[in-house]
Amino acid sequence: MTVPEFNHRAVSRRGLLQASAIGAAGVAGTFATSTAASAKPDESVVDKALRFNHDGRFTIVQFNDTQDNHTTDRRTIELQEAVLDDAEPDFALINGDVINGDMSTALEVKQALNNVVLPMERRRIPWALTMGNHDEDSVGRTGMTEADILAFVGQYKHNVNGPGADTTGTGNQVLTVRASRGNADRFALWLLDSGRYAPSEIAGQDFTGYPTWDWLRFDQVDWYWKTSQQLERQQGALVPGLVFQHIALWEHRFMWFASVDARTDADHERAVATHGIVGERNEAECPGPFNSGMFNAMLHRGDVKGLFVGHDHVNTYVGDYYGIELGYGPGTGFGTYGLGGADEHRLRGARVFTLDEDDDDVYTGTEALFASDYGIDLTNERRPSEPHEFPAYVR
């Protein structure tokens with residue numbers, strides 16, 4: 001099944017992750033924020049890696065939650081390869097939870113990463129990662145932090161991750177897409193680290209009864225705000241863009257029901273009419289306990305056309321929430337939870353975005369693609385693969 005193209009013009013995850021949220025290494029430290037007075041935009045803006053094609057077009061593929069170990073389910077890789085060959089993107093992103101916490105050594109972490117970045121690397125497609133809540137789950141055994149992960153993937157010839165902003169999180173950055181002619185920045189791809197898990201407590205108060213995932217911190221939103229203004233000054237106009245982060249905003253849920261408090265089918269029917277929602281919601285959104293304010297910042301700036309997430313593997317929807325698209329990229333990995341039963345892998349997929357530099361908005365639409373579109377095996381039995389060889393230039 002293919003979700004209809006979105007043109008610009010209930011599975012419970014909470015119980016599954018509660019134990020890992022409490023026991024994950026470094027949880028108590030996740031509330032610490034950067035002591036820097038401000039971000040360093042010159043280190044967080046990657047402005048020479050991407051360019052529109054000669055015809056003025058640019059295509060993006062978003063993978064999400066490849067989330068496996070060093071014996072990655074071979075169907076995850078088959079799906080990546082099928083989507084890349086079909087969409088022929090100019091840029092591809094794995095938007096958080098690239099790996100899981102099952103590895104025991106640094107080598108196994110590197111092998112798990114290598115398995116799912118090779119499909120882009122072999123095709124010479126520029127690619128990047130964002131960090132999810134699971135990418136550092138094995139750090140207590142392997143020593144591989146998120147910073148180590150980004151340093152490792154930086155060896156690949158076609159990886160375009162920059163060092164990131166001096167803020168909370170790892171690898172917060174913006175990739176600008178230059179015009180097909182000249183050096184003007186025509187579009188921006190904002191890659192944000194939405195964190196891992198909420199701290200055990202704040203001010204002596206725990207989070208019993210609240211979501212236990214992380215949220216964007218103020219300094220990250222402030223970095224977006226200031227860097228967006230910097231791009232506008234440099235270009236003489238707002239630079240339109242898309243934001244990618246792993247964990248959903250509270251506004252994703254508000255949009256689905258066209259309400260902050262109500263949760264009925266009738267509320268959702270009203271939401272479909274108001275926000276033009278397409279796609280499925282099979283589990284409750286899992287944001288952190290606090291609203292980060294990111295949506296309000298984007299709304300005020302007026303440059304961001306959409307914010308897309310993963311994290312909740314069996315949600316695929318997208319809608320227009322007061323002029324900004326909010327949506328999910330389908331979960332890509334076959335090695336993690338799905339719908340359950342015979343439908344377990346029905347929604348494994350990816351999301352494709354199209355840009356046209358001659359269009360007033362530049363961003364022209366998005367479409368979800370699914371493993372079933374490519375005849376990939378959807379049976380429940382795991383299909384592990386052997387770790388793939390590293391390229392000669394990667395250690």
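Tabulated results
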read-out: Residue within segment 212-234 that is part of a loop (DSSP other than H, G, I, E, B), more than 26 Å from residue 365 (Cβ to Cβ) and touching a Pro at 6+ places or on another chain (Cβ under 7 Å) present; value: yes
read-out: Pairs, first acidic (Asp, Glu) in segment 303-319, second assigned to a strand (DSSP E or B) and at pLDDT 95 or above, C-beta under 9 Å, six or more apart; value: 303/188; 303/241; 312/281; 312/328
read-out: In segment 78-132, residue surrounded by the fewest Cβ atoms within 10 Å (Cβ to Cβ) [restricted to those that are charged (D, E, K, R) and under 19 Å from the mean Cα position of the chain (by Cα)]; value: 81
read-out: Test: residue in segment 157-169 that is in contact with a strand residue (DSSP E or B) (Cβ under 9 Å, 6 or more places away or on another chain), surrounded by fewer than 23 Cβ atoms within 10 Å (Cβ to Cβ), not in a loop (DSSP other than H, G, I, E, B) and not hydroxyl-bearing (Ser, Thr, Tyr); value: yes
read-out: Selection status of residue 224, among the hydroxyl-bearing types (Ser, Thr, Tyr), at pLDDT 95 or above, farther than 21 Å from residue 305 by Cα and surrounded by 17 or more Cβ atoms within 10 Å (Cβ to Cβ); value: no
read-out: Condition check for residue 268: more than 23 Å from residue 96 (Cβ to Cβ) and touching a strand residue (DSSP E or B) at 6+ places or on another chain (Cβ under 9 Å); value: yes
read-out: Flag if residue 292 is crowded, with 21+ Cβ neighbours inside 10 Å, part of a loop (DSSP other than H, G, I, E, B) and at pLDDT 95 or above; value: yes
read-out: Selected residue [of a type outside the set (A, V, I, L, M, F, W, C) and under 22 Å from the mean Cα position of the chain (by Cα)] from 176, 208; value: 176
read-out: Only listed residue being under 22 Å from residue 128 (Cβ atoms), modelled with pLDDT of 95 or more and surrounded by fewer than 17 Cβ atoms within 10 Å (Cβ to Cβ), chosen from 205, 234; value: 234
read-out: Checking residue 262 against (1) touching a Pro at 6+ places or on another chain (Cβ under 7 Å); (2) modelled with pLDDT under 95, the condition it does not meet; value: (1)
read-out: Condition met for residue 390 (touching a strand residue (DSSP E or B) at 6+ places or on another chain (Cβ under 8 Å), at negative phi and of a type outside the set (Val, Ile, Thr)); value: no
read-out: Hits in segment 305-344 - residues which are β-branched (Val, Ile, Thr), surrounded by fewer than 23 Cβ atoms within 10 Å (Cβ to Cβ) and in a loop (DSSP other than H, G, I, E, B); value: 336
read-out: Residue list for segment 255-285, filter: in contact with a helix residue (DSSP H, G or I) (Cβ under 7 Å, 6 or more places away or on another chain) and buried (at least 16 other Cβ atoms within 10 Å of the Cβ); value: 255, 256, 257, 258, 268, 271, 275, 277, 281, 285
read-out: Residue within segment 306-318 that is at positive phi, more than 19 Å from the chain's Cα centre (by Cα) and modelled with pLDDT of 95 or more present; value: no
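The values are calculated or read from the model by the stated rules, or taken from the named source; none is laboratory data. Model, not experiment: these values are computed from the prediction. All Cβ positions, glycine included, derive from the backbone under ideal geometry; neighbour counts span all protein chains shown.
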